[in-house]
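The values are calculated or read from the model by the stated rules, or taken from the named source; none is laboratory data. Model, not experiment: these values are computed from the prediction. A quick note on method: Cβ atoms are made from the backbone with ideal geometry, for glycine too, and the neighbour counts reach across all protein chains shown. Quick note on the areas: whole protein, heavy atoms, side chains included, nothing else; ligands and nucleic acids left out. Shrake-Rupley method; radii C 1.70, N 1.55, O 1.52, S 1.80 Å.
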Amino acid sequence: MSTPYTTRSNNSVRDVFLSHLPDPIRRAIEITPAAGTRERIVDITTLGRRTGRPRRIEIFFYRAAGKTYLCSGAGGTATDWHANLLANPEFTFHLKNGIRADLPARAMPVTDAAERQAVLAEIVADLNQPHDPGTIRPTRLEDWADSRLIRISFCHRP
């Protein structure tokens, strides 16, 4: 089942809190620490920063402090998806495991040190849960300190 959301944005786009999304989609995004690795995998479609063409990228998403994030993970190396979202913050968030939906979204880099620390601590604690023994677990928050971190807001047209 694919939910028909538009993928292009314009000035009439406005943020939507998860409570306004259909229940199955909201539940799929409100992932819990009990969720396994597979449930955290989505695709994003963003414009390539060099080509300007749509580019679909597989990535993990996380929930922390009641918000949705994309994170590069331990190490903090530069990533194409992060550069693409900085250049073109309007993108499509594709749920693809279980419920399927294409959600227009907006990327906002997290630069505030206190917010970064709190969100990364929550992500690391969540990933260190013993619920998914196949997951590569970060053991130290300091390994994630330089991670690329993007907050997502979900949008729709009125």
When you scan segment 94-128, how many residues do you find that are in a helix (DSSP H, G or I), hydrophobic (A, V, I, L, M, F, W, C) and in contact with a Pro (Cβ under 7 Å, 6 or more places away or on another chain)?
-> 2
Output the residues belonging to segment 101-124 that are at pLDDT below 90 and open to solvent by 60 Å² or more (accessible area, probe 1.4 Å).
-> E122
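Is one or more of the residues making up segment 50-57 in contact with a helix residue (DSSP H, G or I) (Cβ under 8 Å, 6 or more places away or on another chain), among the small types (G, A, S) and more than 20 Å from R26 (Cβ to Cβ)?
Step one: filter segment 50-57 for residues in contact with a helix residue (DSSP H, G or I) (Cβ under 8 Å, 6 or more places away or on another chain), giving 55, 57.
The next check asks that each one be among the small types (G, A, S); those that pass are none.
No: zero hits.
If I filter segment 111-119 for residues that are in contact (Cβ under 8 Å) with a residue 60 or more places away in the chain and among the basic types (K, R), do I get at least one hit? Please lay out each step first, then the result.
Step one: filter segment 111-119 for residues in contact (Cβ under 8 Å) with a residue 60 or more places away in the chain, giving none.
No.
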Within the set of pairs 6+ apart or on separate chains, which have a first residue in segment 30-45 that is surrounded by 14 or more Cβ atoms within 10 Å (Cβ to Cβ), a second that is modelled with pLDDT of 70 or more and among the hydroxyl-bearing types (S, T, Y), and C-beta atoms under 8 Å apart?
-> I31/Y62; R40/Y62; I44/T92; T45/T92
Would you say A105 is touching a Phe, Trp or Tyr at 6+ places or on another chain (Cβ under 7 Å) and among the small types (G, A, S)?
-> yes
Scanning segment 55-76 for residues that are part of a strand (DSSP E or B) and open to solvent by less than 20 Å² (accessible area, probe 1.4 Å) gives I59, F61, Y62, A64, T68, Y69, L70, C71
Looking across segment 1-16 at residues that are out of contact with any helix residue (DSSP H, G or I) (no Cβ under 9 Å at 6 or more places or on another chain) and aliphatic (A, V, I, L, M), the single one that is modelled with the lowest pLDDT is V13
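Within segment 17-52, take every residue that is among the charged types (D, E, K, R) and either under 15 Å from L85 (Cβ atoms) or assigned to a strand (DSSP E or B) (or both) and give me the one that is modelled with the highest pLDDT. Let's see the steps before the verdict.
Taking segment 17-52 and keeping what is among the charged types (D, E, K, R), we get 23, 26-27, 30, 38-40, 43, 49-50.
This time we only want the ones that are either under 15 Å from L85 (Cβ atoms) or assigned to a strand (DSSP E or B) (or both), so: 43, 49-50.
Details: D43: 90, R49: 75, R50: 79.
So, considering only residues that are among the charged types (D, E, K, R) and either under 15 Å from L85 (Cβ atoms) or assigned to a strand (DSSP E or B) (or both), the one modelled with the highest pLDDT is D43.
Answer yes or no as to whether R49 is open to solvent by 20 Å² or more (accessible area, probe 1.4 Å), touching a residue at least 12 places away in the same chain (Cβ under 8 Å) and within 19 Å of C155 (Cβ to Cβ).
no
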When segment 77-93 is checked residue by residue, the ones that are in a strand (DSSP E or B) and crowded, with 19+ Cβ neighbours inside 10 Å are F91, T92, F93
Cβ-Cβ under 7 Å pairs, at least 6 apart or on other chains, segment 56-74 side within 12 Å of L120 (Cα to Cα), far side open to solvent by 30 Å² or more (accessible area, probe 1.4 Å) and part of a strand (DSSP E or B) = Y69/R151
Going through segment 82-106 in order, the residues found to be within 18 Å of R53 (Cβ to Cβ) and among the aliphatic types (A, V, I, L, M) are A83, L85, L86, A87
